[in-house]
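The values are calculated or read from the model by the stated rules, or taken from the named source; none is laboratory data. Since this is a predicted model, take the numbers as computed values, not measurements. Don't worry about glycine lacking a Cβ; one is built from the backbone with ideal geometry, like all the others, and counts go over all protein chains shown.
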Amino acid sequence: MSNAFPVIRTIVFTLPLLALSACSSTPVSTPSALAVTVNTPTLLSEGQVELRPIQLTVLDRRTHNHILRVEHSLDNAEFATSQTPVATLISEELQRGLSVVGQAQTQLTLVIEEALIRAVRRGNEYEVNHSVVLSAHGVRGNTQVEVEMTTRMGPQSFRRLDHARLERDFNRNLNATLNALMQEPELKQFLQVGTP
């Protein structure tokens with residue numbers, strides 16, 4: 001009877017540890033969509049400059065529509081899109097701050113070149129990389145402006161993917177890139193009234 005107690009105590013202490021280790025290695029199901037939010041870029045929200053009326057176009061030139069790719073193995077991947085298309089969100093937010101009209105002498109085309117979180121399983125961890133690339137092309141008569149901004153983050157390693165954190169990081173990177181693009185001096189000057 002004295003030998004049974006240590007065995008029972010060992011089982012009682014070992015089972016919770018096994019349950020915890022099983023939980024930590026079980027992959028979390030990837031959601032089908034992430035909530036992307038776009039904020040008005042600083043130039044537009046400060047109201048410190050008078051901006052020209054523009055004709056705005058926002059294009060998504062990516063070859064895919066997902067913003068999250070989770071590669072569990074070579075032949076097993078999951079994808080998540082944005083609940084609302086990223087181009088739509090950017091267009092709606094820019095329209096809040098810019099004087100957008102149907103036809104204007106000043107035309108601005110903003111292009112989503114890349115917007116992706118890539119998580120690749122390597123052993124017991126996921127290696128996560130974020131990448132956002134936005135470009136803008138402005139035309140007014142003979143004047144043209146082209147600007148590109150890139151934000152990259154990673155690689156970071158995680159035992160488990162926290163989708164809420166990935167979503168927050170993506171939103172922060174997307175907004176930082178858009179803000180930097182709209183703050184770029186040449187583009188900023190191009191959009192202001194009173195500049196050639």
Residues that are surrounded by fewer than 16 Cβ atoms within 10 Å (Cβ to Cβ) and either touching a helix residue (DSSP H, G or I) at 6+ places or on another chain (Cβ under 7 Å) or not basic (Lys, Arg) (or both), drawn from the range 115-146: 123, 124, 125, 129, 141, 142, 143, 144, 146
Considering only the range 79-113, how many residues are crowded, with 17+ Cβ neighbours inside 10 Å and among the acidic types (Asp, Glu)? 1
Considering every residue within the range 90-99, establish whether at least one is more than 20 Å from residue 180 (Cα to Cα) and either within 17 Å of the chain's Cα centre (by Cα) or not aromatic (Phe, Trp, Tyr) (or both). no
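The rows are residues; the columns are (1) closer than 30 Å to residue 126 by Cα; (2) in contact with a Lys or Arg (Cβ under 9 Å, 6 or more places away or on another chain); (3) modelled with pLDDT under 90.
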| position | (1), (2), (3) |
| --- | --- |
| 63 | yes, no, no |
| 70 | yes, yes, no |
| 75 | yes, no, no |
| 78 | yes, yes, no |
| 83 | yes, no, no |
| 96 | no, no, yes |
| 101 | no, no, no |
| 106 | no, yes, no |
| 111 | yes, yes, no |
Search the range 159-180 for residues being in contact with a helix residue (DSSP H, G or I) (Cβ under 7 Å, 6 or more places away or on another chain) and over 27 Å from residue 122 (Cβ atoms), and hand back the single one that is surrounded by the fewest Cβ atoms within 10 Å (Cβ to Cβ). 179
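Within the range 54-76, can you find the residues that are of a type in the set (A, V, I, L, M, F, W, C), over 20 Å from residue 166 (Cβ atoms) and assigned to a strand (DSSP E or B)? Even if it seems obvious, please write down each step before you answer.
Initial filter on the range 54-76 (of a type in the set (A, V, I, L, M, F, W, C)): 54, 56, 58-59, 67-68, 70, 74.
Still in the list and also over 20 Å from residue 166 (Cβ atoms): 54, 56, 58-59, 74.
Selection gives 54, 56, 58, 59.
Being under 15 Å from the mean Cα position of the chain (by Cα), outside any helix (DSSP H, G or I) and in contact (Cβ under 8 Å) with a residue 24 or more places away in the chain narrows it down to one of 84, 109, so name that one.
One residue alone meets the criteria, 84.
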List pairs: first residue in the range 139-165 and within 23 Å of residue 32 (Cα to Cα) and free of Cβ contacts under 8 Å to residues at least 40 places away in the same chain, second residue among the aromatic types (Phe, Trp, Tyr) and surrounded by 14 or more Cβ atoms within 10 Å (Cβ to Cβ) anywhere in the structure, Cβ distance under 6 angstrom, at least six positions apart or on different chains. 158/126
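Right, residue 151: hydroxyl-bearing (Ser, Thr, Tyr), part of a helix (DSSP H, G or I) and modelled with pLDDT of 95 or more or not? If you could, list the steps in order and put the result at the bottom.
Working: hydroxyl-bearing (Ser, Thr, Tyr): yes; part of a helix (DSSP H, G or I): no; modelled with pLDDT of 95 or more: yes.
Taking the combined requirement at face value, the residue does not satisfy it.
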Residue 135: among the polar types (S, T, N, Q), assigned to a strand (DSSP E or B) and either closer than 15 Å to residue 113 by Cβ or without any contact (Cβ under 8 Å) to a residue 24 or more places away in the chain (or both), yes or no? yes
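Assess whether residue 144 counts as being of a type in the set (S, T, N, Q) and not in a helix (DSSP H, G or I). If you could, list the steps in order and put the result at the bottom.
Values: of a type in the set (S, T, N, Q): yes; not in a helix (DSSP H, G or I): yes.
Answer is yes for this residue.
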